[in-house]
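Okay, so here's the structure we're looking at.
The values are calculated or read from the model by the stated rules, or taken from the named source; none is laboratory data. None of these values were measured; they are calculated from a predicted model. Positions of Cβ are backbone-derived with ideal geometry, glycine not excepted, and every protein chain shown enters the neighbour counts.
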Amino acid sequence: MTVSWCGVLRPVELMTVAVHTVDLARLSLLLPQRIEIEFCSGGEHHYWGATVLDPRWCGRMRLNAGLQPREVPLILAHELMHVHQVHTGELRPVSSGGIMWRGVLYTDTANLPWEQYMQLPWEMEAYEWQEWLLAEILRLSTDKDKIE
Ligand SMILES: [Zn+2]
């Protein structure tokens, strides 16, 4: 079992796609053994996916339960880039509340407007690499289907 679940929502179809996606991503990207996914309802959360940047919960991410199954691989590709950044130590949430990126401390990132948040270096990197990871996932998925 490479993915575990927290929270009360258990959308079976999305869970199936998520496990498959994480399994394939592991072939291309260094990821922690334990990845936790919590599905959240769209009403309370205004995002499609988020990685929990808290030193107590490394490897945990949230996905919006309102996603379509076909949207899951792209959203996960982005969040898995963050999980990878945390796993390799490049991105490190610190207990005082800031975020350390390659040795530089960023504070108050949670209060930044969306446009500025997207300019943070770990976001820029995740956006830069997510297409590559998604392509890898889709390629591996196709190869696997061919074999079966
Ligand atoms: Zn991000």
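Please find, among L14, L27, the residue that is assigned to a helix (DSSP H, G or I) and at pLDDT 90 or above.
L14
Among the helices (runs of 4 or more DSSP H) contained in region 59-148, which hold 1 or more residues that are within 26 Å of W5 (Cβ to Cβ), of a type outside the set (A, V, I, L, M, F, W, C) and at pLDDT 95 or above?
Numbers: elements: 72-87, 114-117, 121-147.
The helices (runs of 4 or more DSSP H) meeting that bar are 72-87, 121-147.
Being free of Cβ contacts under 8 Å to residues at least 40 places away in the same chain and either among the small types (G, A, S) or more than 9 Å from the ligand (Cβ to nearest atom) (or both) is the filter here, so list the residues in region 121-130 that pass it. Spell out the reasoning first.
Our first condition is that a residue be free of Cβ contacts under 8 Å to residues at least 40 places away in the same chain; within region 121-130, this holds for 121, 123-124, 128.
Across region 121-130, the qualifying residues are P121, M124, E128.
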Residue among A77, A65, A18 that alone is closer than 17 Å to L133 by Cβ and away from the ligand (no atom under 16 Å from the Cβ): A18
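So that you can scan it fast, the table gives a plain yes or no per residue for (1) in contact with a Ser or Thr (Cβ under 9 Å, 6 or more places away or on another chain); (2) surrounded by 18 or more Cβ atoms within 10 Å (Cβ to Cβ); (3) among the β-branched types (V, I, T); (4) closer than 20 Å to Q33 by Cα:
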site	(1), (2), (3), (4)
L53	yes, yes, no, yes
W57	no, no, no, yes
M61	yes, yes, no, yes
L74	no, yes, no, no
G98	yes, no, no, no
T109	no, no, yes, no
Q119	no, no, no, no
D143	no, no, no, no
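Determine which member of the set S4, S41, S28 is in contact (Cβ under 8 Å) with a residue 60 or more places away in the chain and polar (S, T, N, Q). Before you say what the answer is, go through the steps one by one.
Details: S4 fails: in contact (Cβ under 8 Å) with a residue 60 or more places away in the chain; S41 fails: in contact (Cβ under 8 Å) with a residue 60 or more places away in the chain.
Only one candidate qualifies: S28.
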Subset of region 30-51 that is part of a loop (DSSP other than H, G, I, E, B) and away from the ligand (no atom under 16 Å from the Cβ) - its residue that is surrounded by the most Cβ atoms within 10 Å (Cβ to Cβ): P32
Filter pass, M118 being within 18 Å of M61 (Cβ to Cβ) and within 16 Å of the ligand (Cβ to nearest atom): yes
